Structures are given as structure tokens and as C-alpha cells.
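Have a look at the structure below, then the notes.
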Amino acid sequence: MIGGDKNWTGKEVVIPAVLPCRQCWICKTGRGNRCLAQKMPGNSLGVYGGFSSHIVVPAVDVCPVPDRKGVPLEKLAVVADAVTTPYQAAMRANLRPGDNVAVIGATGGVGLYMTQVAKALGAATVVAVDIDAEKLKRSLEFGADAAIDAKGKSSKDVGAEYKELLKIRGLPNYGWKVFEVSGSKAGQETALAMLGFVGKLVIVGFNMDKVEYSVSRLMAFDAEIIGTWGCLPEYYPVVLGMVLNKAVKIEPFVELRPMSSIKDTFNEVRKAGSPKKRVVLTPDF
Ligand SMILES: [Zn+2]
């Protein structure tokens, strides 16, 4: 390390995906994760160098890794974004122990952490919804209490199946916190079909499609639809703690590859879509 804050020399850290300016009104009112002057390391919106061996970032934002308990540091890279985004979404939804939660897109690269984070925060029930039967089955070992396979079904059908599930399990049909993580139109339609009385729908995934919804239902349901973006650096130590105490498991879902495989890895992802495990590229030296 050349220059900078000497206190950090030789220390292991996780660099948050979103670095707020800490000066503006948004930051000062506690919403810095959506600061308009924020920097995103490794992204054209901020600091270039996400694939380089060194990158310059503000010391105030980095999250120290005191004792990683045998987990390779490289694997903790997924804390930035994949695990912290669900945590921020949970905070936006004011998730409390005992809450009932549904996750749409529950088996994807962010969804599988949304499920685990919700459970780690004390959710009473987590219902996983997705379109991959095999991965849904696995989600039951990682935070989900019930799974709904939405493959080939309309949002209305999935909504009906969900209501049936609540009846069978004797669960309330109100107050659910629904997290839409798939970022697909079908997922959003399903999430809206599942939003009920005094419920909250949190939009975590993104797409450019438009969906139709009678917003008057929000009035009738006294319900909310909320968006969420990134995660405050202040939450990183808490999320890292959840990962290191295994309340949120990352190791089965992360694969390390050498940086020299970057071209093949990108081609593979372009051709086949999301890989089974999230790939972390590490410097070859
Ligand atoms: Zn700001």
C-alpha cells in the first residue's frame, strides 16, 4: 500500500459496493445507500479497477475483517452486494423477529441470501418462490420453510397456491413482507398478486418492463410498495458477522477462479446465463 491511512496497512477488508458521499441531505438523513453522489467501485459510476490488483477507496467506508474463521477472504467478496443488498432490503421493510416473509426469485444469486438473511433476522416463516424445482428443494436447507414452484404458472395461479399454503399451515393472510428479487416481469406480477392486507412489497430486482396493478389496492390493503438500492457501509460489519457465524452460508454458492480465466468466464456467463455458483475472480499471482 502506498500512501493513504496507515492504520489500514496489511488489514483485510471488504469494500462496500456503494460508497455514499456522507455530505448530502440524503446521506445525512440516513439514506446514504441511495446517495446521488455515491461511488460504485469497479463500476463506470465511480472508481474503475474492480478487476485490478489494487483500487483506491475511502478508508471510512471499508469493512474490517477481524477473524474470518477459515473462510477464504476472496469468498467474502459476495458480502459486497449479494448478501448486503438483501440486508438493506430487510431494513427497508423493517423486518422483525416473528415476521412472515415471501421471497420471489428465492434461488438466484441474491435471492438465496434474501431467504437466509430473513431467517437470520428471525423471520417466523419464509416462503420461497422460484421456477427451478431442484434449487427450490435446496432452498429448504438454506432458510426457506416452504417452497412454491412457479414454473409454467400464471401469477394468479401462484397467488392462489400461496393462499392455499397459508390456509394449510394456519398462517395469517395479512402482514406479509414480500421481497421481489427475480427482477423479472413474471416475478413482479407474482409479488403483486401476493401482496395483501398491511403487507409490504420490497422491490429488490430490476427490469425495464412495465406491469399493471390497481394501485387503489394499496389503499384498501393499507399496504406498501417500497424500492431498495445497495446497502449502507455501516451495515457491512453486521452482515459480515452473520456470514462468519454461519447464520448466512455463502461457501456452497461461491466458486473461485483465477483472473486469467476472465474471458472464458464472461463468455460462459453470456452463453449460459448465471452460473450455478457466483464466480469470484482472484489475481493469479
Ligand atoms: Zn450523499
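The values are calculated or read from the model by the stated rules, or taken from the named source; none is laboratory data. Keep in mind it's a predicted model, so treat the numbers as computed, not measured. Neighbour counts run over all protein chains shown; Cβ positions are idealised from the backbone, glycine included. Accessible surface areas use protein heavy atoms only, side chains included; no ligands, DNA or RNA. Shrake-Rupley method; radii C 1.70, N 1.55, O 1.52, S 1.80 Å.
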Worksheet item: Is it the case that segment 50-63 has a residue that's more than 16 Å from the ligand (Cβ to nearest atom), at pLDDT below 95 and polar (S, T, N, Q)?
Response: yes
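In segment 6-19, what count of residues is obtained for those that are assigned to a loop (DSSP other than H, G, I, E, B) and within 10 Å of the ligand (Cβ to nearest atom)? Talk me through it step by step, then tell me what you get.
We begin by selecting, within segment 6-19, every residue assigned to a loop (DSSP other than H, G, I, E, B); these are 9-12, 15-18.
Pick out the ones that are also within 10 Å of the ligand (Cβ to nearest atom) and you get none.
Adding up the residues that qualify gives 0.
Here is a check on your reading of the model: is I26 touching a Gly at 6+ places or on another chain (Cβ under 8 Å) and modelled with pLDDT of 95 or more?
Working: touching a Gly at 6+ places or on another chain (Cβ under 8 Å): yes; modelled with pLDDT of 95 or more: yes.
Here the answer is yes, as I26 does meet what is asked.
Just for helices (runs of 4 or more DSSP H) wholly inside segment 175-285: which have at least 2 residues that are free of Cβ contacts under 8 Å to residues at least 40 places away in the same chain?
Values: elements: 185-194, 216-221, 236-244, 262-272.
Passing ranges, in order: 185-194, 216-221, 262-272.
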Worksheet item: Restricting segment 20-42 to residues that are assigned to a helix (DSSP H, G or I) and more than 6 Å from the ligand (Cβ to nearest atom), which is nearest to G230 (Cα to Cα)?
Response: N33
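Checking the conditions here, which among G196, G273, G205 is under 19 Å from the mean Cα position of the chain (by Cα) and in the same structural domain as Q88 (by TED's automatic domain parsing)? Don't jump to the end; show me each part of the working.
Numbers: G196 fails: under 19 Å from the mean Cα position of the chain (by Cα); G273 fails: in the same structural domain as Q88 (by TED's automatic domain parsing).
Answer to the check: G205.
Condition test on D264, is it open to solvent by 80 Å² or more (accessible area, probe 1.4 Å), outside the structural domain of A106 (by TED's automatic domain parsing) and among the acidic types (D, E)?
Numbers: open to solvent by 80 Å² or more (accessible area, probe 1.4 Å): yes; outside the structural domain of A106 (by TED's automatic domain parsing): yes; among the acidic types (D, E): yes.
So D264 passes the test.
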Worksheet item: G50: open to solvent by less than 60 Å² (accessible area, probe 1.4 Å), in the same structural domain as K277 (by TED's automatic domain parsing) and part of a loop (DSSP other than H, G, I, E, B), yes or no?
Response: yes
Worksheet item: Does any residue of segment 73-89 turn out to be open to solvent by 70 Å² or more (accessible area, probe 1.4 Å), out of contact with any strand residue (DSSP E or B) (no Cβ under 9 Å at 6 or more places or on another chain) and within 16 Å of the ligand (Cβ to nearest atom)?
Response: no
